[in-house]
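Enquirer: Have a look at this one.
The values are calculated or read from the model by the stated rules, or taken from the named source; none is laboratory data. Only a predicted model underlies this, so the values are computations on that prediction, with no experimental measurement involved. Cβ atoms come from the backbone with ideal geometry, glycine included; neighbour counts cover every protein chain shown.
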Amino acid sequence: MAPRNERNDREERDDGFVDKLVHINRVAKVVKGGRRFGFAALVVVGDLKGRVGFGHGKAREVPEAIRKATEAAKRDMIFVPLRDARTLHHDVQGRHGAGKVILRTAEAGTGIIAGGPMRAVFEAVGMHDVVAKSMGSSNPYNMVRATFDALKGQAHPKDVAAKRGLKYSTLQARRRDLVGSDVEA
């Protein structure tokens, strides 16, 4: 078996998707004869090109729970527009329950600065540079759902320009002016 660093809980399948196991929870059901143990798995699946999904699966054995979670993740995938195929277009916040996350764009070479469950989502989506902060709940389920809530709020500049009735080039020129003024100040 490969060391943890090499495989990094990541499996690439022939269908082009990458599976990342985020969390496994052992649950017990008390019955007349004692306890019956089962397992719940949280998995994130992505294609490293902007599509990502997460799933939750429960079963009596770990591999079966992971398989169910993977299938659920592939059914409910979202597309995340990436700038230069490496980072977000703009800063965004998301929340689910008591979990709240803030995602910020980052310069090239920054890397993924995020906690465990959020890191799995960013790696699966194919993001290379992002700074993220989780506040509130540290529950992996809430953190992943809050991250997905934030990613759903990510808008491509072409969509924003169309909504505002502007040309894409005009919007990009304004962005360059704002970035230039931040550098000078």
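Enquirer: Which condition number in (1) surrounded by 19 or more Cβ atoms within 10 Å (Cβ to Cβ); (2) more than 19 Å from ASN139 (Cβ to Cβ); (3) of a type in the set (A, V, I, L, M, F, W, C) is the one that LEU42 fails?
Expert: Among (1) surrounded by 19 or more Cβ atoms within 10 Å (Cβ to Cβ); (2) more than 19 Å from ASN139 (Cβ to Cβ); (3) of a type in the set (A, V, I, L, M, F, W, C), LEU42 violates only (2).
Enquirer: Scan the range 124-161 for residues that are of a type in the set (A, V, I, L, M) and modelled with pLDDT under 85 and jot them down. I'd like the intermediate steps shown before the answer.
Expert: Taking the range 124-161 as the starting set, the residues that turn out to be of a type in the set (A, V, I, L, M) are 124-125, 127, 130-132, 135, 143-144, 146, 150-151, 155, 160-161.
Listed by number, the residues that qualify are ALA155, VAL160, ALA161.
Enquirer: Residues that are touching a residue at least 60 places away in the same chain (Cβ under 8 Å), crowded, with 18+ Cβ neighbours inside 10 Å and not assigned by TED's automatic domain parsing to the domain that holds VAL27: list the strands (runs of 3 or more DSSP E) wholly contained in the range 61-167 that include at least 1 such residues. First the steps, then the outcome.
Expert: Numbers: elements: 77-79, 92-96, 99-105, 130-136.
Once the strands (runs of 3 or more DSSP E) in the range 61-167 are filtered for at least 1 residues that are touching a residue at least 60 places away in the same chain (Cβ under 8 Å), crowded, with 18+ Cβ neighbours inside 10 Å and not assigned by TED's automatic domain parsing to the domain that holds VAL27, what remains is 92-96.
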